[in-house]
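Notes follow once the structure below has been shown.
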Amino acid sequence: MDFVFKNKRISGILTILPRKAIKFEDEIENYSFSPAKCMKLKLAMGYKEHRIAEPGQTSVDFAIHGLQYLFDNGMLQKDEIDAILFVSQSPDYIMPPSSNIIQGHFGIKQDCLCLDINQGCAGFEIGLIQSFLLLDQPSINKVVLINAEVLSSRTSKRDRNSWPLAGDAAAITIVEKTNDNLTIYANVKTDGTNAFALNIPAGGFRMPSNAETAVMEQDEAGNWRCKDNLVMKGDDVFNFVQREVPPMIEHLYVQSGVDRNEVDWYMFHQPNKFMLHKLADKLGIPHEKMPANIVENFGNASGVTVPTCISYNLGDQLVNGKMRLCLAGFGVGLTWSSIMMEMGNMNFNKIIEF
Amino acid sequence: MDIKEFISNFAEQFDDLDASVLTPETEFKTLEDWNSLVALSVIAMIDEEYDVTLKGNDITGAKTIEDLYNIVSERM
């Protein structure tokens with residue numbers, strides 16, 4: 001599904017990372033693989049550290065901390081917020097929506113539209129597309145897009161497939177109307193036939209959590225997890241990314257009329273360095289234009305990796321200058337989405353810790 | 001598709017492996033440097049070079065390099 005938008009911009013990105021950083025080496029004993037094999041994995045994937053929320057820190061806590069920072073520093077005015085989008089797979093409650101909780105916490109106006117969106121790896125792109133759609137409305141001028149995840153607590157520490165790259169984080173992106181007359185191109189695709197390639201089996205209404213779903217079991221590869229934990233079919237996801245992401249980007253080039261070499265930065269979802277290098281090769285773009293340094297330093301916080309990637313790698317460059325970015329998210333759903341847009345002259349593009 | 005060329009492409013997915021030590025009968029999963037990442041690299045290589053999609057199950061079910069070669073040939 002293709003989208004075209006005009007006169008919308010991202011005016012600020014604030015990424016909020018957990019203070020706690022855990023080194024890959026310090027966790028090797030948890031896995032049922034030899035230390036030698038683990039170190040090999042570390043070399044190949046580039047794992048160093050990942051950021052994990054403290055017990056009791058929720059996705060809403062991160063969002064509130066970030067918004068408070070923005071209000072305290074005059075970077076955002078409460079009464080200008082027309083919509084709050086909360087994109088997460090780890091909300092505080094099944095009921096009420098987390099976006100409502102946030103609106104209530106700050107006493108934001110009742111006319112503020114609050115929406116919780118259940119999306120993962122493509123969550124930043126989906127959130128942006130929803131923001132742009134809302135901004136087409138006359139009465140909506142400023143959208144606060146929040147991407148937040150604390151999935152580490154649903155990831156088994158003994159799952160070498162998933163734990164090393166688990167990351168918690170949040171990002172607040174301010175999206176608003178502008179007069180630049182520039183066009184933003186976006187697309188989204190869905191494949192629900194492979195919906196269970198990335199899954200947390202228990203905890204919803206299909207299979208409620210109970211004593212049985214907490215029982216740890218070993219899989220064929222030697223990883224231990226229970227039904228309350230995230231399970232990823234690694235090779236299916238890898239195949240999916242290799243097969244679907246390049247054509248999506250090729251389509252975006254045609255849709256937008258932008259040549260691959262005219263893009264300054266490819267800010268893609270960060271599953272791991274290995275996959276990103278393979279993608280860059282397939283697209284025929286230099287590795288330097290597609291940063292792959294988020295998982296190794298912070299972990300993979302699903303929909304938050306793209307704003308983290310933008311804040312971490314570009315920072316003030318997007319405050320003082322303007323660039324052409326290609327964003328892409330792919331994974332949970334399976335959903336894949338990409339956006340071609342110019343970004344720059346931002347009010348802020350930074351990282352804080354919580 | 002030539003099996004020699006296939007073996008050469010296969011060997012390239014390892015960090016430090018000479019294609020000359022591999023034969024069609026080599027039970028690749030017993031190779032010292034074989035791991036899940038090499039498996040992914042092989043899957044990626046087969047997609048790139050031969051335009052064939054290999055799944056994790058295909059690798060699990062195959063014993064020798066020739067087994068893999070046959071699966072790829074069938075799907076080409």
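Readers should treat all values here as calculations from the given coordinates under stated rules, not as data from a laboratory. Just so it is clear, the structure is predicted and the values come from calculations on it, not from any experiment. A quick note on method: Cβ atoms are made from the backbone with ideal geometry, for glycine too, and the neighbour counts reach across all protein chains shown.
With a Förster radius of 60 Å applied to the C-beta separation of A:Asp72 and B:Met1, the computed FRET efficiency comes to 0.40. Compute the long axis of helix A:273-283 from its Cα atoms, compare it with the longest principal axis of the Cα atoms of chain A, and write down the angle in degrees, 0 to 90, nearest 10. Orientation of helix A:273-283: about 50 degrees from the principal axis.
Projected label points at A:Thr190 and A:Asn320, each 7 Å from Cα along the beta carbon direction, are separated by 4.4 nanometres.
Each label was represented as a point 7 Å from its Cα along the Cα-to-Cβ direction; for A:Asn30 and B:Ser73 these points are 4.6 nm apart.
Among A:Arg243, A:Arg154, A:Arg324, whose mean-square fluctuation peaks in a Gaussian network model of chain A (Cα, cutoff 10 Å)? Evaluated over chain A, the most mobile residue of the options is A:Arg243. For chain A, relative contact order (Cα pairs under 8 Å, six or more residues apart, normalised by length) works out to 27 percent. Between A:Val4 and A:Gln218, the contour length at 0.36 nm per residue exceeds the alpha carbon distance by 72.4 nm. In a simple Cβ point-charge model (Lys, Arg +1; Asp, Glu -1; nothing else charged), chain A has a dipole of about 400 debye relative to its Cα centre. When chain A is described by a simple charge dipole with +1 on each Lys and Arg Cβ and -1 on each Asp and Glu Cβ, the residue from A:Met232, A:Ile52, A:Cys38 located farthest towards its positive end is A:Cys38. When each of the peptides A:106-114, B:50-58 is scored by the mean number of other C-beta atoms lying within 10 Å of its residues, the order from highest to lowest reads B:50-58, A:106-114.
In chain A, the longest principal axis of the Cα atoms and the axis of helix A:59-72 are about 40 degrees apart. Per-residue ellipticity at 222 nm from helix content only, as computed over chain B with -39500 (n - 2.57) for each DSSP H run of at least four residues, stands at -16000 deg cm²/dmol. The stretch A:19-89 and the stretch A:134-197 have Cα centres spaced 14 Å apart. Looking at chain A alone, DSSP beta bridges between its own residues are antiparallel in about 70 percent of cases. Working note: Karplus 6.51/-1.76/1.60 with θ = phi - 60° gives the stretch A:122-127 the couplings 9, x, 6, 5, 4, x Hz, where Gly and Pro are set to x.
Sequentially through the stretch A:202-210, phi angles give Karplus couplings (6.51, -1.76, 1.60; θ = phi - 60°) of 10, x, x, 8, 5, 9, x, 6, 8 Hz, Gly and Pro residues having no value and appearing as x.
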